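Student: Provided herewith is a single structure, encoded as structure tokens, for subsequent inquiry.
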Amino acid sequence: MGRTPSFHRAAGSLGSTIAKRGIGFVYGGASIGLMGAAADAALAAGGEAIGVLPEALARAEIPHKGLTELHIVSSMHERKALMAELSDGFIALPGGFGTLEETFEVLTWLQLSIHSKPIGLLNIDGFYDTLLQFLDEQVSHGFVRSEHRDLLISESDPDKLIDALAAMELPAVEKWLEP
């Protein structure tokens, strides 16, 4: 859950907002952590919550027992592929290495046109501010194009983030690598 109570509140707000909008909630399938709290809130608001959990983590992460669907898969790669397939967009709450890894993987897939689904950060209490500054530095040093940097949307309010993701128009970039 992290040490900041506002993260837990934001996770609940995100889950209930998603449910109230009639959007399904797809996540890693555990009953713990911020995403577990978001799933609880989505379910409590009458929404759908679908989990995808690798066999190896089914013991450690405590599978959520009340989900609409729970898919147990054989690997982390299979987990991420199925979550990406089931999802129409991606939102990262504050988190650790796994959150960053999954966010940057789907962001890279979007940059490479492997999918065309929007990606957002729920930037609670400025949690992602330094990461966003780092991404801006990547642009200023020529490692990331500004149109690719702009693929990652950041908002502190779940409603505003969902609105921004729904309104996102992908840029037409014919070539992402320089010769």
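The values are calculated or read from the model by the stated rules, or taken from the named source; none is laboratory data. All values derive from a computational prediction rather than experimental measurement. Cβ coordinates were reconstructed from backbone atoms using ideal geometry, including for glycine residues, and neighbour counts include every protein chain displayed.
Student: Pairs under 6 Å by beta carbon, first residue at pLDDT 95 or above in segment 12-28, partner of a type in the set (Ser, Thr, Tyr), six or more apart or different chains?
Tutor: Correct list of pairs: VAL26/SER87.
Student: Here is a follow-up. Answer yes or no as to whether ILE162 is under 20 Å from PHE25 (Cβ atoms), surrounded by 15 or more Cβ atoms within 10 Å (Cβ to Cβ) and in contact with a Lys or Arg (Cβ under 7 Å, 6 or more places away or on another chain).
Tutor: Yes, satisfied.
Student: Also: Being under 19 Å from GLY29 (Cβ atoms) and without any contact (Cβ under 8 Å) to a residue 12 or more places away in the chain is the filter here, so list the residues in segment 101-143 that pass it.
Tutor: Result: GLU101, single match.
Student: Criterion first (β-branched (Val, Ile, Thr), crowded, with 17+ Cβ neighbours inside 10 Å and touching a helix residue (DSSP H, G or I) at 6+ places or on another chain (Cβ under 7 Å)) does ILE119 satisfy it?
Tutor: yes
Student: Select from segment 1-49 the residues that are of a type in the set (Val, Ile, Thr) and either touching a strand residue (DSSP E or B) at 6+ places or on another chain (Cβ under 6 Å) or under 17 Å from ASP157 (Cα atoms) (or both) and list them in ascending order.
Tutor: THR4, THR17, ILE18, ILE23, VAL26, listed by residue number.
Student: So which of LEU135, LEU121 is over 17 Å from MET35 (Cα atoms) and either of a type outside the set (Asp, Glu) or not in a loop (DSSP other than H, G, I, E, B) (or both)?
Tutor: LEU135
Student: Got a sec? Which of GLU48, GLU55 is among the charged types (D, E, K, R) and out of contact with any Gly (no Cβ under 9 Å at 6 or more places or on another chain)?
Tutor: Checking each option against the conditions leaves just GLU55.
Student: Assuming GLY89 fulfils every condition listed in (1) out of contact with any Leu (no Cβ under 7 Å at 6 or more places or on another chain); (2) more than 21 Å from GLN133 (Cβ to Cβ) apart from one, which condition is it?
Tutor: The number of the failed condition is (1).
Student: Considering (1) under 19 Å from ALA92 (Cα atoms); (2) at pLDDT below 95; (3) surrounded by 13 or more Cβ atoms within 10 Å (Cβ to Cβ), say which one GLU147 fails and leave the rest.
Tutor: (1) is the only condition that GLU147 fails.
Student: What is the residue count in segment 149-166 for residues that are part of a helix (DSSP H, G or I), of a type outside the set (Gly, Ala, Ser) and in contact (Cβ under 8 Å) with a residue 12 or more places away in the chain?
Tutor: So the answer is 6.
Student: Would you please list the contacts, defined by Cβ atoms under 6 Å and residues six or more apart or on different chains, that run from a residue in segment 30-41 that is more than 19 Å from PRO54 (Cβ to Cβ) to a residue that is of a type outside the set (A, V, I, L, M, F, W, C)?
Tutor: Final answer for the pair search is ALA37/HIS8; ALA37/GLY12; ALA38/GLY15; ALA41/GLY12; ALA41/GLY15; ALA41/SER16.
Student: For TYR128, which of the numbered conditions (1) more than 26 Å from ILE23 (Cβ to Cβ); (2) surrounded by 12 or more Cβ atoms within 10 Å (Cβ to Cβ); (3) modelled with pLDDT of 95 or more fails to hold?
Tutor: In the conditions (1) more than 26 Å from ILE23 (Cβ to Cβ); (2) surrounded by 12 or more Cβ atoms within 10 Å (Cβ to Cβ); (3) modelled with pLDDT of 95 or more, TYR128 misses (1) alone.
Student: Name the single residue that is surrounded by the fewest Cβ atoms within 10 Å (Cβ to Cβ) among those in segment 131-141 being among the hydrophobic types (A, V, I, L, M, F, W, C) and either under 20 Å from GLU101 (Cβ atoms) or touching a Phe, Trp or Tyr at 6+ places or on another chain (Cβ under 9 Å) (or both).
Tutor: It comes out as PHE134.
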